[in-house]
Amino acid sequence: MMEYEVHRIENLREKALGRQICYDEFYYYFHKRMLSNGGVSYLLRYADALYDSFRFAAVEIDGEELIVGKPSEKSLSEEEKREWEQIKQIAFAHMGTPFGQDSHMAIDYELLLSKGIYGIIDTITSYRTALDLTNVNEIAKDEFYLSCQKCLEGVICFSERYADEAKRQAEDCNDSNRKMELYEIERICRKVPAHPAQTFYEALQSIHFVTFCLSNKPLRYTHLQYQFGRPDRYLYPFYKTDKNNGVITPKKAQTLLDCFGIMINNRVPNGLSCGYMVGGRAENGHVVSNELTAMLLHVIDQNRLVYPAVGFCYCSDTPEEDLSLAVSIVSKGHSHPAIFNDDVISKGLQYYGLTPKESCSYIHSTCVEITPIGSSNVWVASPYTNLVQKLLDILNSEYNSIDDVLNAFLQHLSIGIKAEFIEQNRQRNERYFHSVDPLLSCFVNDCLKNGTDIERGGARYNWIMPSFVGIANVADALMTIETLLIKQKRYTFCELKNMLEQNFMGYEKDRQSILNHIEKYGNDNDSADRYVKIITKWISEECSNYITAFSNGKLIPSYFVG
């Protein structure tokens with residue numbers, strides 16, 4: 001490789017911009033095998049079918065790629081397409097469920113990099129050895145462990161097939177530089193993710209490839225967006241060692257990181273959110289700030305693509321140069337990095353039961369929802385609740401005081417929270433009976449320890465996290481009601497509701513008055529800000545009344561301010 005390869009990155013970027021992302025071929029192989037494979041347990045049938053898909057799905061390595069593994073653009077044959085349409089009608093009716101959330105999380109990448117898949121299989125073997133198979137519950141655990149092992153073996157098979165393809169291309173390649181790159185890709189794909197990573201390049205390929213494999217989720221016929229956690233923490237030891245040993249230079253590492261970032265766009269379609277976080281405070285109390293922190297931010301500026309969606313974690317002693325870099329990238333018109341208050345988030349996670357160590361390891365699961373890294377079966381945005389609509393719903397009556405308005409609003413909101421909780425819990429129950437994911441379970445605490453699939457409550461944290469949207473708008477609206485309707489009595493509630501229904505057509509003077517002469521939330525005004533405090537405190541207390549179906553299954557609110 002050259003030091004930093006602008007042309008390579010630009011070429012790969014252009015290809016990613018025009019790529020159509022489709023997993024149909026993989027799902028075709030999975031469901032075809034699943035339907036033909038009777039007589040064994042559902043878990044074992046699933047694992048066998050997943051292995052089969054990894055064995056047959058097309059393998060593609062495009063010219064100039066250094067990180068490999070993406071959905072194939074190969075089309076099914078006409079005969080396969082007809083067969084797939086028939087299979088879908090049966091499979092989707094009986095095998096999967098569309099309900100609920102997933103993939104808004106990061107797996108335990110440190111486990112993957114330190115043990116490799118064979119090391120995780122060794123752990124599974126030790127758990128199986130300790131089982132008492134005269135106990136029917138232990139038989140169920142044994143089937144879970146066997147399914148986990150089969151899925152992991154499928155990932156190794158898939159990686160070996162990528163190695164074979166890299167070797168084939170290398171043997172046919174006339175470009176000596178590309179030939180060397182392809183042989184190196186072959187070497188790496190034969191080593192990781194099967195074995196522990198030893199170099200920075202191996203580590204990047206390992207985390208990308210396993211995440212790509214997780215994104216092939218046949219029982220959830222939807223696009224997934226697994227996050228990469230905190231790579232400036234778990235990748236830094238590999239980078240530092242390689243740099244000190246002369247194996248890699250910063251410019252070579254930046255090329256690899258840019259290739260890695262581009263590959264996310266080959267896996268996740270536009271309109272979602274997928275990436276990683278950098279910075280923040282580590283479990284030892286020290287701020288994470290190293291060469292990779294800056295390099296992972298530079299990926300945004302150099303790739304200029306939808307992904308990676310990067311979060312920058314700011315705390316009280318974050319170096320000024322890190323914050324300046326993050327702000328300078330945003331100032332160029334990029335939509336990220338998004339900046340998160342690390343101290344506040346860690347404190348909040350500890351409030352909900354995470355240890356201080358765990359509270360330093362979280363991910364913005366897609367947009368801004370926070371989930372614990374490596375331990376999460378948290379359903380974020382489940383569901384979205386439009387707070388402004390809840391307020392509009394109760395404006396048909398006349399009220400004598402702002403407290404009366406607030407009480408009516410909160411009572412109406414309480415009914416909605418209960419109904420939505422019941423629905424989300426029902427969906428969890430559906431997933432318990434109709435969905436499994438033994439491959440993902442291998443990388444999420446404490447599924448292997450419990451001998452329980454993540455879809456059946458095996459994860460350490462099984463929260464449901466409804467998102468309450470528009471709280472700032474509600475605060476502004478309540479301030480307007482208090483000022484104009486309660487104190488000044490300028491309008492009745494009926495008149496206000498009419499103006500809103502007309503979208504202020506014919507009431508421009510009133511609209512301008514509300515816009516320019518009423519205090520607004522977020523301007524350091526206690527009168528306006530107090531409504532956000534009242535509502536968020538009430539919602540948190542209301543949600544604490546509910547416990548979900550699984551262990552540690554709390555109902556934890558999140559907020560979209562605007």
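The values are calculated or read from the model by the stated rules, or taken from the named source; none is laboratory data. For clarity, every value in this text was computed on a predicted model and none was experimentally measured. In this analysis, Cβ positions are derived from the backbone assuming ideal geometry, glycine residues included, and neighbour counts consider all displayed protein chains.
At-a-glance table
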| quantity | calculated |
| --- | --- |
| Residue count, the stretch 466-516 (criterion: aliphatic (A, V, I, L, M), part of a helix (DSSP H, G or I) and under 18 Å from ILE535 (Cα atoms)) | 8 |
| Qualifying residue in the stretch 5-27 (condition: surrounded by 20 or more Cβ atoms within 10 Å (Cβ to Cβ), without any contact (Cβ under 8 Å) to a residue 60 or more places away in the chain, of a type in the set (Phe, Trp, Tyr) and not in a loop (DSSP other than H, G, I, E, B)) | no |
| Residue match in the stretch 148-160 (condition: β-branched (Val, Ile, Thr), closer than 12 Å to LEU66 by Cα and part of a helix (DSSP H, G or I)) | no |
| First in the stretch 125-142 and assigned by TED's automatic domain parsing to the domain that holds VAL40 and closer than 16 Å to LEU44 by Cα, second anywhere and of a type in the set (Ser, Thr, Tyr) and modelled with pLDDT of 95 or more, Cβ under 7 Å, 6 or more apart | ARG128/TYR145 |
| Those residues of the stretch 419-455 which are in a loop (DSSP other than H, G, I, E, B) and crowded, with 19+ Cβ neighbours inside 10 Å, in sequence order | SER435, VAL436, ASP437, CYS442, PHE443, VAL444, ASN445, GLY451, THR452, ASP453 |
| Any pair with Cβ under 7 angstrom, 6 or more apart, that starts in the stretch 168-180 at a residue that is part of a loop (DSSP other than H, G, I, E, B) and ends at one that is not small (Gly, Ala, Ser) | CYS173/LYS179; CYS173/LEU182 |
| Selected residue (criterion: modelled with the highest pLDDT) from residues of the stretch 536-553 that are within 18 Å of GLN427 (Cβ to Cβ) and not in a loop (DSSP other than H, G, I, E, B) | CYS543 |
| Number of the condition not met by PHE212 [criteria: (1) at pLDDT below 95; (2) touching a Gly at 6+ places or on another chain (Cβ under 6 Å)] | (1) |
| Test for GLY522: is it more than 21 Å from VAL388 (Cα to Cα), in a loop (DSSP other than H, G, I, E, B) and in the same structural domain as VAL388 (by TED's automatic domain parsing) | no |
| Count of the stretch 213-259 residues which are assigned to a loop (DSSP other than H, G, I, E, B) and either surrounded by 23 or more Cβ atoms within 10 Å (Cβ to Cβ) or not hydroxyl-bearing (Ser, Thr, Tyr) (or both) | 17 |
| Candidate set: the stretch 107-138, residues that are of a type in the set (A, V, I, L, M, F, W, C) and closer than 28 Å to ILE370 by Cβ; chosen: the one farthest from the chain's Cα centre (by Cα) | ILE120 |
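This table checks each residue for (1) assigned to a loop (DSSP other than H, G, I, E, B); (2) more than 19 Å from VAL469 (Cα to Cα); (3) modelled with pLDDT of 95 or more.
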| position | (1), (2), (3) |
| --- | --- |
| HIS336 | yes, yes, no |
| ILE345 | no, no, yes |
| LEU349 | no, yes, yes |
| ILE363 | no, yes, yes |
| VAL368 | yes, no, no |
| GLY374 | yes, yes, yes |
